[in-house]
1. Positive end of the dipole of the range 7-142, charges at C-beta (+1 Lys, Arg; -1 Asp, Glu), about the Cα centre: which of 101, 49, 15 has its Cα farthest in that direction?
2. Could you let me know the centre-to-centre spacing of the range 96-114 and the range 1-62, using Cα atoms, in angstrom?
3. So who's got an amide H within less than 5 Å of the one on residue 69, skipping anything under 5 residues away but keeping other chains? H placed 1.01 Å off N, in plane.
4. Angle, helix 92-105 long axis vs. longest principal axis of the chain, Cα atoms, 0 to 90°, nearest 10?
5. Is there a quick way to get the dipole size of the chain? I mean about its Cα centre, with the Cβ of Lys and Arg at +1 and of Asp and Glu at -1; what is the value in debye to the nearest 20?
6. Can you tell me, using C-alpha contacts under 8 Å and at least 6 residues apart, the relative contact order of the range 7-142 as a whole percent?
7. Can you tell me which of 62, 34, 116 moves the most in a GNM of the chain? Springs connect C-alpha atoms under 10 Å apart.
8. Each residue of the range 12-28 in order: what ³J(HN,Hα) in whole Hz does its phi give by Karplus 6.51 cos²θ - 1.76 cosθ + 1.60, θ = phi - 60°, with x for Gly and Pro?
Amino acid sequence: MLKEPTNEENEIAKQVVDACFQIHKAFGPGLLENVYEVCLADEMRHRGFHVETQKPIPLFFNSRKIETAFRADMIINDSVLIELKSIEKIGKLQEAQTLTYMKLAGISLGLLINFNVSLIKDGIRRFYMSENIKNKSFAALAS
């Protein structure tokens, strides 16, 4: 049975989407990803959330921990992962990247957001990973 996102996770995701609408309304598409990241982090902190940007996600390879193998664009309240893009089109690569970061970070809910779209609603993808998938170790794949 698939566990549903918690009320807290859903509220964070709702607030992120709202903040993205506000940012996109103010600036539109075409800016660098970093500009959107700074604005979103600032807005989410203003709304009272704990925000970590460019958070290192460690990877275990051959029984060794590689501390900065990956960096998540943003993690909010240690429970929702945000990957930001400002590209022509989101593809399978960006989706796989988001899911991999979620799995490695042990986070169930993630948003992949592309600001380089006419309507921001067309640039937002939500991912939810069930516990049985999330808890499988990537370390076994490296052996």
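Quick note: the coordinates plus some simple rules give every number you see, no bench work behind them. A quick note: this is a predicted structure, and the numbers were derived from the prediction, not measured. Every residue, glycine as well, gets a Cβ built from its backbone with ideal geometry; the counts of neighbours run over all protein chains shown.
1. 101
2. Here the answer is 12 Å between Cα centres.
3. 57, 59
4. 60
5. Numbers: 18 positive and 18 negative charges, 85 e Å.
Here the size comes out at about 400 debye.
6. Numbers: 230 pairs, mean separation 31.4, N = 136.
The normalised contact order for the range 7-142 reaches 23 percent.
7. 62
8. Going residue by residue, I get 4, 4, 4, 5, 4, 4, 4, 4, 4, 4, 5, 5, 5, 5, 6, 10, x Hz, with x marking Gly and Pro.
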